[in-house]
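Values quoted throughout were computed directly from the atomic coordinates according to the rules given, and no laboratory measurement underlies them. Quick caveat, the model's predicted, so the values are computed rather than measured. Positions of Cβ are backbone-derived with ideal geometry, glycine not excepted, and every protein chain shown enters the neighbour counts.
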Amino acid sequence: MIDLRYCSDPKGIDLDEVDLMAPVPETEPNRQYYFMAKLKKWVTQKKEELGRSLFCCTQTFGCQMNARDSEKILGILSKIGYEETESEDADLVIFNTCTVRENANLKVYGRLGQLKKYKNKNPEMITMMCGCMMQEKDVVDKIKKSYRNVDVIFGTHNIFKFAELLATRVFDKSEKKKMLVDVWEDTTEIVEELPVERKYSFKSGVNIMFGCNNFCSYCIVPYVRGRERSREPEDIIAEIKCLVKDGVVEVMLLGQNVNSYGKNLENPISFAQLLEKVEKIEGLERIRFMTSHPKDLSDELIEVMGRSKKICKQLHLPLQSGSSRLLKIMNRHYTKEDYLTLVEKIRKAVPDIALTTDIIVGFPGETDEDFEETMEVVEKVGYDSAFTFIYSKRTGTPAASMENQVPEDVVKVRFDRLLNKVQEIAAEKAAKDVGKVVDVLVEEVNEHDSSLVTGRTSQNYTVHFPGGEELIGKIVPVKLSESKGFYYYGEQM
Ligand code: SAH
Ligand code: SF4
Ligand code: F3S
């Protein structure tokens, strides 16, 4: 029996009951359950042979989409009997990669080199690579040439096939096993009802859509995640209900642009309408979502956020740049003025909302004036926090072939100025709430001081306060007594 505490297993199929003599099912997800059953038998045998457990390690790079994908992989691995470890000295190592900026790629190559020494020690070790980087042909070519220790490469579109891919590698009887590469260009398929494991018992990410159609001119995501496709609302609601039954009180609805959710479904439905359905799920206490594209954030959504009791008072609204001129070249479809008007509307509907953002510094052709406009918007909006990125050239995107790339030293000066401004404002913002009593969802015992627990407010601020592990997963009122800029100390009321 597997421990279902952190694991949603919607079909609840007992793998020992699967008939392995029958032909391999052609339809999903049954086909994958067949391979899981085959693998479970193999894992059990292997454990007996070795007299120990089989260990797997997943390393996840990138965004929440990738984090959720890794949970799907872990759901399958736990169902077939692997145990998870943080050490890369394991029987199965999976790198789930990101390619949004160049430094994300470099990190992966560094780690891949290190894996070779573990494989020398344990020749039966299996290494698998997946995620956004694998959607790029030159990356796969480089791995084929320089990292022969990799066993399986797959992409973002066929992650549901994980069990089948692992089985193909494990049951490959050839003497010199070839690297298995299975990367799809795109897909329209969404496979439901596979097991998924989650890190926390009380909160979970939930994909509502995949891919992106926006093609912001700097961004590689649409090329590696494919065209936008939404899950059916019934499937999303069923998944959340299942999670709630399993102890989840907070969900984060995930998509590259959640505001365009549902447009291409056979029975179209808006994101705001989906939120209203999710809101009705009994036992669910908190709803978050990301990411919102400013061009698609509707009045209907603002209204729903204003009256909702469950939607958290936090909105991530990527700005990218404060210059309307650059926003146009970035293909963002809003101006500085549109953005500021939107912020005003949102603050009117939800006065105590925490706003966060993403900003790129050094986009091709960014002038001092453009940058000053970004600084101005940052000051005007007063973000609770902001992720700031140095522009990274991504091969194949329109921005990569633009002339007038900004010199590195200029970018560095701008970046430091922006970061200082962002941090200064964030510290002021946080100090304002000292003395208030707010609801905190307790997430864990503090790793540095076990007399404290750590949780999050609706606005997504971290709070540390005295308490024990019995509070984990509970929402409790806490008085914020001291602000440390990015987090608070408090006392339970
Ligand atoms: N879909 C989301 C974000 C996806 S990527 C959205 O539209 O906001 C997360 C962030 O990475 C982006 O918001 C952007 O700020 C940053 N980013 C994307 N491509 C980049 C690049 N080439 N260089 C630097 N930052 C980039
Ligand atoms: Fe990239 Fe733009 Fe799509 Fe976000 S909306 S993933 S920044 S192309
Ligand atoms: Fe990275 Fe892919 Fe997410 S490129 S940011 S992991 S969608």
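Note on GLU372 and LYS11: the model spin-label points, each 7 Å out from Cα along the C-beta direction, lie 6.2 nm apart. Partner aspartates and glutamates whose Cα lies under 16 Å from the Cα of LYS310, excluding those fewer than 8 positions away in the same chain, are identified as GLU250, GLU276, GLU279, GLU282, GLU285, ASP352, ASP439. Rounded to 0.05, the FRET efficiency of the ASP141 and GLU491 pair, given R0 = 41 Å and the Cβ-Cβ distance, is 0.10. Taking segment 132-146 and a reference point 7 angstrom along Cα→Cβ of LYS116, the backbone N atoms nearer than 19 Å belong to 139-146.
In this structure the amide hydrogen of PHE387, modeled in the peptide plane, comes within under 5 Å of the amide hydrogens of THR357, ASP358, ILE359, none closer than 5 places in sequence on its chain.
Just subtract the alpha-carbon distance of VAL181 and ARG148 from 0.36 nm times their residue separation and send over the number in nm, one decimal.
Details: separation 33, 0.36 × 33 = 11.88 nm, distance 1.22 nm.
Taking VAL181 through ARG148 to full extension adds about 10.7 nm, to one decimal.
For the pair TYR200 and LYS173, a Förster radius of 60 Å applied to the C-beta separation gives a FRET efficiency near 0.90, rounded to the nearest 0.05.
Between rounded, prolate and oblate, where does segment 174-261 land on the alpha carbon gyration tensor, with a ≥ b ≥ c its root eigenvalues, rounded for a/c under 1.5, else prolate if a/b exceeds b/c? Oblate, since a/c reaches 1.5 and b/c is not below a/b. In straight-distance terms, cross-link reach from LYS393 covers every one of the lysines whose alpha-carbon lies under 27 Å from its own, apart from those fewer than eight places away in the same chain; here that gives LYS107, LYS137, LYS142, LYS144, LYS145, LYS295, LYS328, LYS336, LYS412, LYS421. For segment 236-387, the pair-distance distribution built from all alpha carbon pairs, in bins 5 Å wide starting at 0, is 2, 9, 18, 20, 18, 14, 9, 6, 3, 1, 0 percent.
The modelled label-to-label distance for the pair ASP299/ASP449, using points 7 Å beyond Cα in the direction of Cβ, is 4.9 nm. By the rule of a C-alpha distance below 13 Å, with chain neighbours fewer than 8 residues away ignored, the aspartates and glutamates paired with LYS380 are GLU337, GLU344, GLU372.
How would you classify segment 44-138 from its alpha-carbon gyration tensor, with a ≥ b ≥ c the square roots of the eigenvalues: rounded for a/c under 1.5, else prolate if a/b is greater than b/c, otherwise oblate? Write down the numbers at each step before the final one.
Numbers: a/c = 2.70, a/b = 1.55, b/c = 1.74.
Oblate.
For the chain, the mean residue ellipticity at 222 nm estimated from helices alone is -11000 deg cm²/dmol, where every DSSP H run of n ≥ 4 contributes -39500 (n - 2.57) and the total is divided by all residues, rounded to the nearest 500.
In whole percent, what relative contact order does the chain give with Cα contacts below 8 Å and a gap of six or more residues?
Working: 922 pairs, mean separation 50.2, N = 493.
It comes to 10 percent, rounded to a whole number.
How many times 2.2 N^0.38 Å is the alpha carbon radius of gyration of the chain? All intermediate terms of the calculation are to be shown ahead of the outcome.
Details: Rg = 23.5 Å, N = 493, 2.2 N^0.38 = 23.2 Å.
Scaled against compact globular proteins, the figure is 1.01.
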